[in-house]
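Everything on this sheet refers to the single structure shown next.
What follows draws every value from the coordinates through simple rules; no lab data is involved. All values derive from a computational prediction rather than experimental measurement. Every residue, glycine as well, gets a Cβ built from its backbone with ideal geometry; the counts of neighbours run over all protein chains shown.
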Amino acid sequence: MASQDWFEKDFYAILGVPKDADDAAIKKAYRKLARKHHPDQNAGDATAEQRFKDIGEANSVLSDPEKRREYDAIRQMAHGGARFTAGGPGGPGGGAGGFDDVFSAMFGGGGGGTRVRYSTGGGGEPNLEDLLGGMFGAGAGPAYGGTGFRAPQGPRRGADLTARTTLSFRDAVEGATVTLSTTGGNQITTRIPAGVKDGQKIRLRGKGQPGDAGAAAGDLILTVSVERHPVFGREGDNLTIELPVTFAEATLGATVAVPTLDGSTVKVRVAPGTPSGRVLRIKGRGVPVKDKPGDLMAKVAIVVPQRLSDEAKAAVETLQSLDEGFDPRAELFANAKA
């Protein structure tokens, strides 16, 4: 059904297509813009969310031949295609150039066609909703309102709801089923997909308030908070861990065990002469996303012993004497002066 908004909104400009665009061009433009401005791709961006709604509204009108015909007719009137007067000799709409003449001419009235007359209810400008409802056939007829007659609106989509939930680090990475309390006082059980990030908003389609009969339910906008893990961190789809190794392991090389988030362990090779801070990549042990799982990034941290036996101390002192004359900071100072 036509809306007063149609006078103000340029659906062709919203989709970025010319007024003579065919159905294929409209569909292509809608899909491209919908992907770009989808709320799931622009979490927390109110501007993108409104843009997404405008794009959907524009597509729903321009992709429907009947709605598009009505929209084009209304836009033509709004930009000077027809001129209105609020009455004349004989009462509202009765003079030359009145509303009944304009609409009869537009929709088949001519000299002998059906003439449609709209009352302003008080001699002023006609109610736009009355006018549009009569033009385009608003169901069974006008419904009486507090200020006059208005065309009935169609079934309304349900309202969106919001909710928050806190997940453990493991549940956020692996996915989990949770029960949520919504702002409407309802409880909803839903599946949180693997890989959700801290602060991310998830749109759960159809989990909001029920709509009118024949209309879709609203959505549930869920904000997720993720707890910290004492061992693992996260960078994108990769998990991170700090891997302690001894001075001897780093110097001589070794194969050491590394824990993974699922509770298992993997073996990784520490090459001879590995410095502290080097990152060892363990393929496929990160966030289990569908297309390509992330990796586990183990950062080497050389452990310095806090207490040494007399024998160990003597061994270190021997090593120190063998390194006499070697300055590990020489390159650092040289670069600092450059």
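Here are the numbers for the structure shown:
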{"quantity": "Members of segment 31-48 that are assigned to a helix (DSSP H, G or I) and in contact (Cβ under 8 Å) with a residue 12 or more places away in the chain", "calculated": "Leu33, Ala34, His37, Pro39, Asp40"}
{"quantity": "The lone exception for Lys19 - which of (1) touching a residue at least 60 places away in the same chain (Cβ under 8 Å); (2) among the basic types (Lys, Arg); (3) not in a helix (DSSP H, G or I) it fails", "calculated": "(1)"}
{"quantity": "Given (1) over 15 Å from Arg164 (Cβ atoms); (2) in a strand (DSSP E or B), number of the condition Ser225 does not satisfy", "calculated": "(1)"}
{"quantity": "Output for segment 49-66, where each listed residue is part of a helix (DSSP H, G or I) and among the polar types (S, T, N, Q)", "calculated": "Gln50, Asn59, Ser60"}
{"quantity": "Conditions (1) over 30 Å from Lys53 (Cα atoms); (2) of a type in the set (Val, Ile, Thr); (3) outside any strand (DSSP E or B): number failed by Val289", "calculated": "(1)"}
{"quantity": "Test result for Ala216, out of contact with any strand residue (DSSP E or B) (no Cβ under 8 Å at 6 or more places or on another chain) and either of a type in the set (Gly, Ala, Ser) or part of a strand (DSSP E or B) (or both)", "calculated": "yes"}
{"quantity": "Segment 297-338 - residue that is of a type in the set (Lys, Arg) and part of a helix (DSSP H, G or I) and, of those, surrounded by the fewest Cβ atoms within 10 Å (Cβ to Cβ)", "calculated": "Lys337"}
{"quantity": "Extreme residue, surrounded by the fewest Cβ atoms within 10 Å (Cβ to Cβ), among residues of segment 199-245 that are of a type in the set (D, E, K, R) and within 15 Å of the chain's Cα centre (by Cα)", "calculated": "Arg205"}
